[in-house]
1. Show the residue pairs meeting these rules: Cβ distance below 6 Å; 6+ apart or different chains; first residue within region A:153-180 and within 15 Å of A:GLU218 (Cβ to Cβ) and in a strand (DSSP E or B); second residue at pLDDT 90 or above and of a type in the set (Phe, Trp, Tyr).
2. Can B:VAL101 be described as under 23 Å from A:ASN207 (Cα atoms), away from every other protein chain (no Cβ under 12 Å) and surrounded by 20 or more Cβ atoms within 10 Å (Cβ to Cβ)?
3. Taking the conditions exactly as written (more than 19 Å from the chain's Cα centre (by Cα), modelled with pLDDT of 90 or more and at negative phi), does B:PRO223 satisfy them or not?
4. Looking only at residues that are surrounded by 15 or more Cβ atoms within 10 Å (Cβ to Cβ) and charged (D, E, K, R) in region A:20-37, which one is farthest from A:GLY72 (Cα to Cα)?
5. When residues of region A:46-77 are filtered for being among the acidic types (Asp, Glu) and either crowded, with 21+ Cβ neighbours inside 10 Å or over 26 Å from the mean Cα position of the chain (by Cα) (or both), how many remain?
6. Please work out if A:MET216 is assigned by TED's automatic domain parsing to the domain that holds A:GLY109, within 21 Å of the chain's Cα centre (by Cα), within 16 Å of A:ARG153 (Cβ to Cβ) and not in a strand (DSSP E or B).
7. Go through (1) more than 11 Å from chain B (Cβ to nearest Cβ); (2) surrounded by 20 or more Cβ atoms within 10 Å (Cβ to Cβ) for A:ARG93 and report which single condition fails.
8. Among the residues of region B:181-199, write down those that are within 14 Å of another protein chain (Cβ to nearest Cβ) and either surrounded by 16 or more Cβ atoms within 10 Å (Cβ to Cβ) or of a type in the set (A, V, I, L, M, F, W, C) (or both).
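The values are calculated or read from the model by the stated rules, or taken from the named source; none is laboratory data. Small disclaimer: the values here were computed from a predicted structure and weren't measured. All Cβ positions, even for glycine, are placed from backbone atoms using ideal geometry, and neighbour counts span all protein chains on display.
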Protein chains: 2
Amino acid sequence: MITSHANPLLKDIRRLQARRARGRFVAEGEDLLAAAHEAGWEPEHVLRAGVEVSAAALATVSALGSGTRALGVFAERWAPPTGPLCVALWGVRDPGNVGTVLRGALAFGAASVALGPDTADPFGPKAVRASMGAIFAVPVARVASVTELPGTRIALDARRGTPLPELGRIADAVTFVVGAEREGLPEDVIAACDAAAHIPINNESLNAAMAATLAMYERTRVPEA
Amino acid sequence: MITSHANPLLKDIRRLQARRARGRFVAEGEDLLAAAHEAGWEPEHVLRAGVEVSAAALATVSALGSGTRALGVFAERWAPPTGPLCVALWGVRDPGNVGTVLRGALAFGAASVALGPDTADPFGPKAVRASMGAIFAVPVARVASVTELPGTRIALDARRGTPLPELGRIADAVTFVVGAEREGLPEDVIAACDAAAHIPINNESLNAAMAATLAMYERTRVPEA
């Protein structure tokens, strides 16, 4: 059993938690490990308190603190952006929002979540936790340009375009492109999309996760033609 | 200017932040103070760093840490639960979810948010912050029983009842009753409601804030008869 806080694996895990090393990531807690298992992901390492590692040594690598019971180290997986339903995030820096979008994508059956420039790392500890395990079930892609996105690209904007409920089933494959809460989408990204839509609301903004989830809900609620 | 960390007002604010004193609450940050002002709320006290209080002394009462610039103390306001659109939370202990529901209620024009038993304090610092100022714009009510809720009461359940998109416009006034993420609604609460509905999703659950917001969106997207 690992008890030394200077153990090389623990040092490696600390670097992964801080995202100073990439290519692999850490998922903490029995629920996340169960989600990984269910989705067929094999961990490179599993550390359980009192089994592979002492509780005290495990606490030194936890992003959650001393209460953690187990964690796993996994290889990152990146996929191409695929449809028929894809959500693309642009400039969404909050990792909690990225994780929540993954969760919504799993709920509404999106085929992938694409991450554009200036968007939080989906494999960071906060995003993984907020995903509630969806990081293991929904393919994530990195994209540099709107042109890489599948299907008809619809920019979700605070005010412009068609009201979301009136969008109807405009295409078999759709990507919703969602920006950050205050900044919204850059003009060149909106211009590169095929259409714009907005969620009719009374006040300024919904956060990116809420907007993306409402768009996915709207898409899945429209009956097939 | 207040510089002593032992100043009686600062002591009072610490108690309010920890919710050891009730009846009043603290909103931190210039955005929240602006939201309060816009909604016509007069603060009992305003403390701005370098004006009424030293930055160091202000940091000792902040729930955000040393970066805070301003905070206000306000009297809590409680309202009756009113329609035509109301969201009622039952057993939603996470204050971030309560704040996010308030934000969604403002976005979709709900008349009130009702808080049932075992639901987080909407005036606690985390709920106020998550509300992004909606705490000042949306009336909040405390209720002990489903019978106090306005209109047709619809229990949002993970699996039971009508799929939300098929609910249609069943009544002029509606309350959506939403439970906690894992537990859902207690059986007696579901039984006391007039109908049940679920959001058709692939996996286990959406959080309470997402479920409530989707229900409000669905309600507002249905055209008037």
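1. A:ILE154/A:PHE176; A:LEU156/A:PHE176
2. Details: under 23 Å from A:ASN207 (Cα atoms): yes; away from every other protein chain (no Cβ under 12 Å): no; surrounded by 20 or more Cβ atoms within 10 Å (Cβ to Cβ): yes.
No.
3. On the way: more than 19 Å from the chain's Cα centre (by Cα): yes; modelled with pLDDT of 90 or more: no; at negative phi: yes.
In short, no.
4. A:ARG24
5. Of the residues in region A:46-77, the ones among the acidic types (Asp, Glu) are A:52, A:76.
From the residues that got through so far, the ones that are either crowded, with 21+ Cβ neighbours inside 10 Å or over 26 Å from the mean Cα position of the chain (by Cα) (or both) too are A:52.
Final tally of qualifying residues: 1.
6. Values: assigned by TED's automatic domain parsing to the domain that holds A:GLY109: yes; within 21 Å of the chain's Cα centre (by Cα): yes; within 16 Å of A:ARG153 (Cβ to Cβ): yes; not in a strand (DSSP E or B): yes.
Yes, satisfied.
7. (2)
8. Narrowing region B:181-199 to residues within 14 Å of another protein chain (Cβ to nearest Cβ): B:181-182, B:197-199.
Of everything in region B:181-199, those that are within 14 Å of another protein chain (Cβ to nearest Cβ) and either surrounded by 16 or more Cβ atoms within 10 Å (Cβ to Cβ) or of a type in the set (A, V, I, L, M, F, W, C) (or both) turn out to be B:GLU181, B:ALA197, B:HIS198, B:ILE199.
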